[in-house]
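Student: I am attaching a structure below and will ask some questions about it afterwards.
The values are calculated or read from the model by the stated rules, or taken from the named source; none is laboratory data. The structure presented is a predicted model; accordingly, all values stated were derived computationally and were not measured. Neighbour counts are summed over all protein chains in view; Cβ atoms, including those assigned to glycine, are modelled from backbone coordinates with ideal geometry. These area figures cover heavy atoms from the full protein model, side chains too; ligands, DNA and RNA do not enter into them. Shrake-Rupley method; radii C 1.70, N 1.55, O 1.52, S 1.80 Å.
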Amino acid sequence: MSSDSPTSGFLAFVGAGPGDPNLLTLRAAELLAKADAVALDEELFGSFLRHCREGVEIASGDLVKRAKAGQFVVRLCEGDPMLFSSIARSIEEEVAACAAAEVDFEIVPGVPPATAVLTYAGIPPAADVPEFRIVDAAHEQDWAAHAACQGTLVIYNGLAGAVAIGKALVAGGKPDSTPVAVSSGGTTTEQYTVVSTLARLQADIKHAGFTEPALIVVGDAVGQRDKLSWFETKPLFGWRVLVPRTKEQSERLSEQLTSYGAVPEEVPTISVEPPRTPQQMDRAIKGLVTGRYEWVAFTSSNAVKAVREKFEEYGLDARAFAGLKVAAVGDATARALVEFGVKPDLLPSGEQSSEGLVAEWPPYDSMLDPINRVLLPRADISTDTLVAGLTELGWECDDVTAYRTVRAAPPPAPTREAIKGGGFDAVLFTSSSTVRNLVGIAGKPHNVTVIAVIGPQTAKTAEEFGLRVDVMADRPSASALAAALAAYGAKQRQAALAAGDSPRRPSQNRRGARRRAK
């Protein structure tokens with residue numbers, strides 16, 4: 001039995017899928033959002049807690065007892081809880097306990113590894129074959145009986161006995177030329193697949209370094225991998241990329257990197273703090289409201305945040321910008337303004353920088369512009385480029401310190417060790433200050449780490465610190481920088497394949513890194 005609005009507690013057994021958080025079902029996400037307590041393997045599914053409300057309890061022990069006491073409890077299960085699940089028997093027992101305790105329950109299917117892992121590996125589970133057979137090696141002894149499978153044979157929990165299973169299939173009449181694939185870490189950026197045949201299986205997986213959970217796939221469908229592989233062939237697949245910005249600043253950049261197959265990790269290098277003396281900003285906000293300015297120019301989303309906070313302090317909102325012209329230096333700043341309720345009047349169509357803004361800024365015209373002042377709420381370390389350019393165009397600038405940037409605290413020890421020891425495959429530097437601050441709080445990146453910079457000035461700073469610059473964006477934007485790194489990764493991958501080698505991440509080239517067989 002089940003209920004959408006239980007009155008005396010509720011227990012849901014929810015399939016989490018094979019590993020990729022994006023494969024969680026809508027029903028699963030809905031139940032997690034309602035949960036008072038969640039039982040899960042945090043190492044495998046800790047990221048799924050983002051669907052839960054703040055303060056959700058991590059549960060263990062007697063879940064039925066919790067539900068009986070009135071809690072809404074979710075047990076998150078790997079894959080599909082009712083399809084070759086290692087905890088299916090346990091669920092049956094808990095369901096019986098729910099019935100005895102008169103606790104409502106629900107079982108939510110999840111995306112099964114048998115189909116998802118194959119699809120992520122570019123192997124069609126059941127295309128143009130009469131049979132799709134799944135076998136759990138933990139409960140199977142007679143492998144010769146499966147030699148007659150006329151389609152795709154998927155084997156769970158068979159890694160330890162893979163060679164013996166292959167030999168048994170051949171002994172049962174399966175041609176030793178039958179294609180075989182072994183894939184571990186399925187649907188995650190740790191996914192790794194080796195293609196072989198029953199005859200060569202032992203030699204090909206001997207040094208592959210596979211770990212459970214893994215799937216063995218036997219059948220002609222494996223031959224489709226060359227054409228259909230889309231996940232492991234992403235240009236930055238599995239690359240651990242350091243993004244020296246805060247999570248808020250790098251959200252879109254991290255999403256873009258993830259789309260290329262990378263694993264972004266944000267490390268803040270600066271901390272934003274209010275000005276030491278607030279009077280200058282107070283006067284600027286008063287002048288903005290009383291009509292002192294013709295333009296307000298925002299050069300960062302932090303500047304927008306600082307002005308917004310001042311507005312809230314004075315009980316103002318976006319309506320105070322009525323009659324003002326507003327400029328934004330780039331897309332991220334423009335988005336912050338739009339979220340505030342302000343649509344920028346000027347946004348550079350070319351280079352998104354102070355130079356790009358000046359290049360498109362109209363000159364002051366006393367006939368058209370009743371006021372010749374521009375408000376520039378900026379960081380305490382801003383350059384003079386914008387002020388000089390606007391002054392040359394005839395404008396008077398009030399360059400106001402809206403916030404201070406200070407060096408952030410050092411990242412945790414494991415992150416520092418990964419930076420210096422080559423644990424990261426690449427680092428993205430979006431400004432000279434990110435170079436200086438990252439080296440200051442965490443040390444220099446290892447020489448195997450790919451250094452990607454947003455422009456010539458950042459490249460110069462990186463080189464001054466003894467870093468080799470490998471990638472430079474073709475225009476000064478974080479999006480262009482991520483795209484340039486992806487192009488670099490794709491080129492490295494193609495070069496390895498052309499040379500007959502398996503593509504390797506930069507971190508795998510450092511001394512002592514685990515080497516996987518081709």
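Student: When Lys and Arg each count +1 and Asp and Glu each count -1, what net charge do the other residues less than 12 Å away from L201, Cβ to Cβ, add up to?
Tutor: +2
Student: Under the rule of at least 5 residues apart or a separate chain, name every residue whose amide H is placed under 5 Å from the amide H of V108.
Tutor: When sequence neighbours closer than 5 places are left aside, the close amide H contacts are F13, V14, G15.
Student: What do you reckon, how do T188, T258 stack up by accessible area (1.4 Å probe), largest on top?
Tutor: Reading off the accessible areas and sorting them downward yields T258, T188.
Student: What angle do you read, to the nearest 10 degrees and between 0 and 90, between the alpha-carbon axis of helix 247-259 and the longest principal axis of the chain?
Tutor: Taking the Cα atoms of the chain, the angle to 247-259 is about 40 degrees.
Student: Quick one: divide the alpha-carbon radius of gyration of the stretch 67-191 by 2.2 N^0.38 Å and tell me what you get.
Tutor: 1.31
Student: Right, next: Could you give log10 I(q)/I(0) at q = 0.10, 0.16, 0.17, 0.18 Å⁻¹ for the stretch 1-148, computed by the Debye formula over C-alpha point scatterers of equal weight, without solvent?
Tutor: Each listed q maps to, in turn, -0.40, -0.87, -0.95, -1.03.
Student: Considering the zone a paramagnetic label at S479 would reach in this model (a point 7 Å from Cα along the Cα-to-Cβ line), which residues of the stretch 209-252 have amide N under 19 Å from it?
Tutor: Those under the cut-off are 248-252.
Student: Hey, what do the phi angles of the stretch 403-416 turn into as Karplus ³J(HN,Hα) couplings, whole Hz, using 6.51/-1.76/1.60 and θ = phi - 60°, x for Gly and Pro?
Tutor: With coefficients 6.51, -1.76 and 1.60, one gets 7, 10, 10, 10, 5, 6, 5, x, x, x, 3, x, 5, 4 Hz.
Student: Further, regarding this structure: Work out how far the C-alpha atoms of the stretch 376-494 reach from end to end along every principal axis, then list the three figures in whole Å, largest first.
Tutor: Principal-axis extents of the stretch 376-494 (Cα, largest first): 52, 35, 22 Å.
Student: Could you pull out the trypsin sites (Lys or Arg not before Pro) across the stretch 164-233 that fall in loop regions by DSSP (anything but H, G, I, E, B) with no more than 11 other Cβ atoms inside 10 Å?
Tutor: K206
Student: Report the Cα-based extents of the stretch 312-444 along its three principal axes, largest first, to the nearest Å.
Tutor: So the extents along the principal axes, rounded to whole Å, are 62, 36, 24.
Student: Using only the heavy atoms of the protein chains and a 1.4 Å probe, how would S90, S353, S259 rank by accessible area, largest first?
Tutor: So, going from the largest accessible area down, we get S259, S90, S353.
Student: Can you give the extra length, in nm with one decimal, that the chain gains between A320 and E190 once fully stretched, where that is 0.36 nm per residue apart less the Cα-Cα distance?
Tutor: 41.7 nm
Student: Thinking of the stretch 426-518 as a set of Cα atoms, what percent of all their pairs are more than 17 Å apart?
Tutor: Of all Cα-Cα pairs in the stretch 426-518, 53 percent lie more than 17 Å apart.
Student: Spin-label point model (7 Å from Cα, Cβ direction): what's the D176 to D365 distance in nm?
Tutor: 8.6
Student: Of the listed values [x] 194; [y] 202; [z] 137, identify the label whose number matches volume of the Cα convex hull per residue in Å³ calculated from this model.
Tutor: Answer by label: [x].
Student: Moving to a separate point now. For the pair Q457 and E54, how long in nm is the line joining their label points, each one 7 Å along Cα→Cβ?
Tutor: Output for this residue pair reads 3.7 nm.
Student: A further question on this structure: Cut-off under 19 Å on the C-alpha distance; same-chain residues fewer than 8 positions from K68 excluded. Which lysines are left, in chain and number order?
Tutor: The qualifying lysines are K34.
Student: A further question on this structure: Looking at G443, S479, A126, which one has the Cα that reaches farthest to the positive end of the dipole of the chain (charges on Cβ: Lys, Arg +1; Asp, Glu -1)?
Tutor: The residue sitting most towards the positive pole is G443.
Student: Here's something else I'd like to know. I'd like the per residue volume of the convex hull spanned by the Cα atoms of the stretch 248-298, given in cubic angstrom.
Tutor: With only Cα atoms used, the stretch 248-298 gives 109 Å³ per residue.
Student: For the stretch 170-254, what is the relative contact order in percent, using Cα pairs closer than 8 Å and at least 6 residues apart in sequence?
Tutor: 29 percent.
Student: Same structure, new question: Rounding to the nearest 10 and keeping the result within 0 to 90°, find how far the Cα-based axis of helix 301-313 lies from the longest principal axis of the chain.
Tutor: That helix lies at roughly 70 degrees to the long axis.
Student: Tell me which residues come under 5 Å, amide H to amide H, from E266 once H is placed; ignore anything under 5 positions away on its chain.
Tutor: V243
Student: Using the Cα centre of the chain as origin and beta-carbon charges of +1 (Lys, Arg) and -1 (Asp, Glu), tell me which of F298, L316, A171 is placed farthest towards the positive end of the dipole.
Tutor: A171
Student: For a quick check of understanding: with a 1.4 angstrom probe and all protein chains in place, what accessible area in square angstrom does E339 have, to the nearest ten?
Tutor: The accessible area of E339 comes to roughly 140 Å².
Student: Next up: Let me spell out the model: positive unit charges on the Cβ of Lys and Arg, negative unit charges on the Cβ of Asp and Glu, origin at the Cα centre of the stretch 45-200. What dipole size does that give, in debye rounded to 20?
Tutor: 340
Student: Hey, another quick one. How much of the DSSP bridge set in the chain is antiparallel, in percent, rounded to the nearest 5?
Tutor: 30
Student: Any chance you could tell me what percent of the C-alpha pair distances in the stretch 129-210 go past 22 Å?
Tutor: In whole percent, the long-distance tail amounts to 20.
Student: Further question: Tell me, what is the 1.4 Å probe accessible area of W361, in Å² to the nearest 10?
Tutor: 10
Student: Okay, moving on. For the stretch 264-340, restrict the atom set to alpha-carbon positions and state the Rg and Dmax in Å.
Tutor: 13.5, 45
Student: Another question, if that's okay. Would you mind checking the tilt of helix 432-442 against the longest principal axis of the Cα atoms of the chain, expressed as 0 to 90 degrees and rounded to 10?
Tutor: For 432-442 against the chain, the angle is about 50 degrees.
Student: What are the ³J(HN,Hα) couplings of the stretch 387-397, residue after residue, when phi is run through the Karplus curve with 6.51, -1.76, 1.60 and θ = phi - 60°? Round to Hz, x for glycine and proline.
Tutor: Here the 3J(HN,Hα) series is 4, 4, x, 5, 4, 5, 7, x, 9, 9, 10 Hz.
Student: Given the convex hull of the Cα atoms of the stretch 59-131, what is a quarter of its surface area in nm²?
Tutor: About 6.4 nm², averaged over all directions.
Student: Here's a follow-up. For the stretch 383-518, what % of the accessible area comes from carbon and sulfur atoms, probe 1.4 Å?
Tutor: 49
Student: Would you work out what percent of the accessible area of the stretch 149-296, with all protein chains in place, is carbon or sulfur (probe 1.4 Å)?
Tutor: Whole-percent figure for carbon plus sulfur exposure: 52.
Student: Leaving ligands and nucleic acids out of the surface, order I165, I134 by accessible area at 1.4 Å, largest first.
Tutor: In descending accessible area the options line up as I134, I165.
Student: If you don't mind, another one. Could you work out the helix-only [θ] at 222 nm for the chain, with each DSSP H run of four or more residues adding -39,500 (n - 2.57) and the total divided by the number of residues, to the nearest 500 deg cm²/dmol?
Tutor: Calculated mean residue ellipticity at 222 nm is -9500 deg cm²/dmol.
Student: How large is the accessible surface of M82 in square angstrom, using a 1.4 angstrom probe and rounding to the nearest 10?
Tutor: It works out to around 100 Å².
Student: I'd like to check one number: the per residue accessible area of the chain, probe 1.4 Å, reported in Å² as a whole number.
Tutor: It amounts to 48 Å² per residue over the chain.
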